[in-house]
Amino acid sequence: MTPDTEALRIAVYDAFATKGRAPTPAELAVRFATDQGAVRAGLRTLHEQRHIVLASDGTIAMAHPFSSIPLGFSVMGSRTLWWGGCAWDAFAIPHLVGGEPEVLVSTRCPGCGAALAWVVDRDAPPPGDHVAHFLVPTARMWDDVVRTCGNQRLFCRPLCVDAWLKATGDTRGYVMDLATLWKLARGWYAGRLGPGYRRREPAEAAEYFRGVGLQGAFWGL
């Protein structure tokens, strides 16, 4: 018997939030007193609804803002260590996980290779002149969501963005400062760990983006 989809979603997110990793189908089968086939069917439904992202082998690759695969960021709380799926998601974790109001986000600048780290909390953006570069516009983010997240990165400065784009041959996306990234991350996933969470409709997402200071066609505005 396939588990209730909402209960399954919450179980996935609870495992990520408290353990820093995705639950396995076997663990979920035990929790819901069912078989792994039923669990996998439920996970497929959540994937189709864009609540999670499944890898090709059916395991859970991502449940935004959490990731089970390395995409350039680590996020260390007082009790839990996570992979941060991208700059957006890494900055979102302390706003979402109740017992972790402050985390250490670390990465490397894709442009020059320098080690970068920030203490990110709920009170104010971290200081610094670093910038985030998002490669894929919102209209295409779900075409290949792993590639999208893997290319939402943090750089030392705009010159490092230029160097990286020259090396990769990619077209410039959208550049924002740390304060804007923090504002974007702050409320985007609000309520996702609890019951009744509803993904934003496009018009609601656009309103949110405008509210944090984003602009232009990249964001569908």
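The values are calculated or read from the model by the stated rules, or taken from the named source; none is laboratory data. Please read all numbers here as calculations on a predicted model, not as lab measurements. In this analysis, Cβ positions are derived from the backbone assuming ideal geometry, glycine residues included, and neighbour counts consider all displayed protein chains. We work out accessible area using only protein heavy atoms, side chains counted, and drop any ligands, DNA or RNA first. Shrake-Rupley method; radii C 1.70, N 1.55, O 1.52, S 1.80 Å.
Brief remarks follow.
- Nearest 10 degrees, 0 to 90: helix 36-48 Cα axis against the chain principal axis: 40
- Comparing L96, G128, A41 along the charge dipole axis of the chain, the residue lying farthest to the positive side is G128, per the Cβ-charge model.
- Here is the P(r) of the range 165-221: all C-alpha pair distances, binned every 5 Å from 0, give 4, 16, 21, 21, 16, 12, 7, 3, 1 in whole percents.
- Placing unit charges on each Cβ (+1 for Lys and Arg, -1 for Asp and Glu) gives the chain a dipole about its Cα centre, and among P158, G211, F32 the Cα reaching farthest toward its positive end belongs to P158.
- Of P25, P158, P127, the one that fluctuates the most in a GNM where the chain has Cα springs shorter than 10 Å: P127
- Helix 178-188 axis, angle to the chain major axis (alpha carbon atoms, nearest 10°): 20
- For the chain: accessible area per residue (Å², 1.4 Å): 47
- Helix 158-168 and the longest principal axis of the C-alpha atoms of the chain enclose an angle of approximately 70°.
- The tail of the calculated P(r) for the range 68-180 beyond 22 Å holds 30 percent of all Cα-Cα pairs.
- Backbone N atoms of the range 107-134 closer than 20 Å to the 7 Å Cα→Cβ label point of A206 are not found in any residue.
- Along the chain, counting only trypsin sites (Lys or Arg not before Pro) with a DSSP assignment other than H, G, I, E or B and at most 16 other Cβ atoms inside a 10 Å radius, the longest segment between sites is 123-171.
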